[in-house]
Every structure is written in structure tokens, then in C-alpha cells.
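The values are calculated or read from the model by the stated rules, or taken from the named source; none is laboratory data. None of the values given here were measured: they were computed from a predicted structure. Virtual Cβ from ideal backbone geometry, glycine too; neighbours counted across all protein chains shown. Ligands, DNA and RNA are excluded from the accessible area calculation, which covers all protein heavy atoms including side chains. Shrake-Rupley method; radii C 1.70, N 1.55, O 1.52, S 1.80 Å.
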Amino acid sequence: MSTERILIIGSNGQIGLELAEALRKNYGDEHVVCVDIRKLENQILPFEVLDVLDQNALLALVKKYEITQVYLLAALLSATAEKNPKFAWDLNMNGLFNVLDLAKEGHIKKVYWPSSIAVFGPSTPGQNTPQYTVMEPNTIYGISKLAGERFCEYYHQKYGVDVRSIRYPGLIGWKSAPGGGTTDYAVHIYHEALKNKTYECFLNAQTALPMMYMPDAIRATIQLMEAPAEQVKIRSSYNLAGISFNPEEIAASIRKHIPDFSITYKPDFRQSIADSWPASIDDTLAQQDWGWKIKYDLDAMTQEMLDNLKRVGNMAV
Ligand code: SER
């Protein structure tokens, strides 16, 4: 039986829900403590309501459950952050400091913190974006993620904190509703395809972005966290490529299952966010350092998204 006791902060969000399920399978229910600012109706225990900005409550909880590892997933995503910049900065940065400081002070051994393709900006080479390149994000979310990456590396170098991170592409899953991201059109489109056979997209047809099916993202996350420390050579955050496609291509993939599905385009403020991000990513270093390999392509993801959403009943989104 594992001696690890894992805390997931933001456990009821898009990543948290699926990560909690996977970690419970690997480590046992009692070894995975979930916290979020909201409790679900059918909340799986152990769970507590916690605001990551409440440093004292966080420390008390870590002591109470003898936590050894923290996955910090509480954050505002890109579109929501643009609407509430000050709070986004506060939550995304001070939440991270609270957790990094727990590790610095020796209360926990390991930290996972998600970064994003949003760390890149309009001056970054947009095709096959390398790990090390120009990074001038122009969204609040991207600025907070880039600053966070620098602090992760800083805490590792100065204080020996074992922090690990992935620059996620847009994440696509069927277990939760989309939650304020620019890449979330690629979740919403499956729901609408099943419900109405049509979707009005807030990005234009040609906007290619890196995306990833959630099972691949969860597998990558756990693989990185379980890798021997010496294999984790990058302590800012690792590029992960995922699959690159645009709205027209995901619509074509859906049409293989729903031939009369139609898509229309009405770009809004999220278009300029998407335009500032790369279309595709190079993840050679993740492959080399800890053996990363993607499994799902666009069509395999479409098949599973549609099958699962049909099975569980299309969520109202
Ligand atoms: N997928 C996120 C978003 O669109 C980026 O990390 O906000």
C-alpha cells in the first residue's frame, strides 16, 4: 500500500474530476483527499471545502491528512481571466505561492502545477513551437502561467522544491462541462452535435490550436509525477504537443458519425486569444526525458467523445 497521501486542490474542475478518479484507482480512495470551493451533490470522500487563498486553512488540512503531494488545479482559465483580471492574477499566483511555500517549508514532498500553451504569445513561432522560444503572452491567464513557471523553476533551484508541470494543450473530455477556456469550443461542439446537429463556433474555421483528449492528459500528468526526479530535467513546465486541428477539421471528424452536422462561425473576443497561441507544439523533450507518447488522434477522440456523451446522456451546457 502506498505511503503517499495526495491532495487535489480544485478537484471538481475539468481536470480535477478525472485526475481524482485515476489517482484513487492507483493509490486507493483514502490516499486521495479532494478540496474545492464548492461541494458536489454526489461528492466522493474524503473531501473538504477549501479556498486555496486561505493559507492557514490549507496548512491545517495538509497536517490533518498528513499530505505528501499536492496537485494544484484551482485557477481561472483564459476567457474568464480576461473578464476578471485582478482576481485571476490573485488566484493563479497566490494559490501557487501558498502551495510552493508548503513544499519549501517541508510540509509536502512534491507539487504538480499545470501550465498551458497560453504562456506563448503572438511573437512566438506558431508552428511546432519549441520548448525554449520567445514567450510574450498577451493574456492575463498566459501572463500568470508564465510567471508561475518562472517561480516553479526558482523554487526548485533555490529551495530544492520537487515541482513538476506540463504546458497543457486545450483539454477535451466528456466527464465535465466546459469551464471558461478558449479551447472549450472543442468540448462544447460535441454536446451540440448530439443535441442539435449544429454548432455556432466562437473561433473562425481556420483557427488551429493544440488539443488533447483528457485520458492522454491524465496519463501524462501521473507519468510525470511518478517519474524518478532525475528524469524531470525541466522544472518550469514541459511542452506537450497533443493534436493540432481547427474548427473545420473537428466538424469534419464529427460528420463521420453525424453526416448532417453543420457548423457556423461567429468569432468573439476569444478569437484574439486563440490567435495569440501556437497552432502546434514540439514535445520532443517530454518524450526524451520521461518517455511521453500520445495515444489519441482526432478521430479516436471524436469516437470516444460521442460514444460516452451518448451513453451518459448529453449534459446541458
Ligand atoms: N485551455 C485553456 C484555455 O483555453 C488554456 O490552458 O483557457
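Brief remarks on what is shown
- Out-of-range pairs (alpha-carbon distance over 19 Å; input Lys39/Lys110; Lys195/Lys295; Lys158/Lys233; Lys197/Lys310; Lys256/Lys293; Lys104/Lys158): Lys39/Lys110; Lys195/Lys295; Lys256/Lys293
- Of the chymotrypsin sites (Phe, Trp or Tyr not before Pro) in segment 202-300, those whose Cβ has at most 11 other Cβ within 10 Å and which sit in DSSP loop: Phe269
- Nearest 10 degrees, 0 to 90: helix 214-226 Cα axis against the chain principal axis: 20
- Label-point separation, Leu59 to Lys158 (7 Å along Cα→Cβ), nm: 1.9
- Cut-off 16 Å, label 7 Å out along Cα→Cβ of Gln223, residues of segment 162-202 by amide N: 165-169
- Separation of alpha-carbon centers, segment 58-132 and segment 243-306, rounded to whole Å: 24
- Accessible area expressed per residue, segment 62-120, with surrounding protein chains retained (probe 1.4 Å, Å²): 38
- Under Karplus coefficients 6.51, -1.76 and 1.60, residue-wise ³J(HN,Hα) of segment 103-108 in Hz, glycine/proline x: 6, 4, 8, x, 7, 10
- GluC sites (Glu not before Pro), loop per DSSP, at most 16 other Cβ atoms within 10 Å - longest free stretch of the chain: 106-317
- Annotation for segment 1-104: trypsin sites (Lys or Arg not before Pro) lying in DSSP loop with at most 10 further Cβ atoms inside 10 Å of their Cβ are Arg38.
- Computed from label points 7 Å out along Cα-Cβ, the spacing between Tyr132 and Thr80 is 3.5 nm.
- The chymotrypsin sites (Phe, Trp or Tyr not before Pro) of segment 54-153 that DSSP puts in a loop, and whose beta carbon has at most 15 other beta carbons within 10 Å, are Tyr132.
- Farthest toward positive dipole pole in the chain [+1 Lys/Arg, -1 Asp/Glu at C-beta], among Thr133, Met212, Ala274: Met212
- Separation of the Gln231 and Lys295 label points, Cα + 7 Å toward Cβ, nm: 1.7
- log10 of Debye I(q)/I(0), alpha-carbon scatterers only, for segment 240-317 at 0.18, 0.28 Å⁻¹: -1.00, -1.25
- Residues considered: Val35, Val134, Val187. Largest GNM mean-square fluctuation over the chain, using C-alpha springs under 10 Å, is found at Val134.
- Computed over segment 167-271, the ratio Rg/Rh where both radii use C-alpha atoms and Rh is Kirkwood: 1.05
- Partner lysines for Lys25 [C-alpha distance under 17 Å; skip if fewer than 8 residues away on the same chain]: Lys175
- Note on Arg255 and Asp275: with the Förster distance fixed at 35 Å, the Cβ-Cβ geometry gives a FRET efficiency of about 0.85.
- Inter-centroid distance (Cα atoms) of segment 170-184 relative to segment 194-213, Å: 11
- Stretchable slack from Thr3 to Asp268, in nm (0.36 nm times residue separation minus alpha-carbon distance): 90.6 nm
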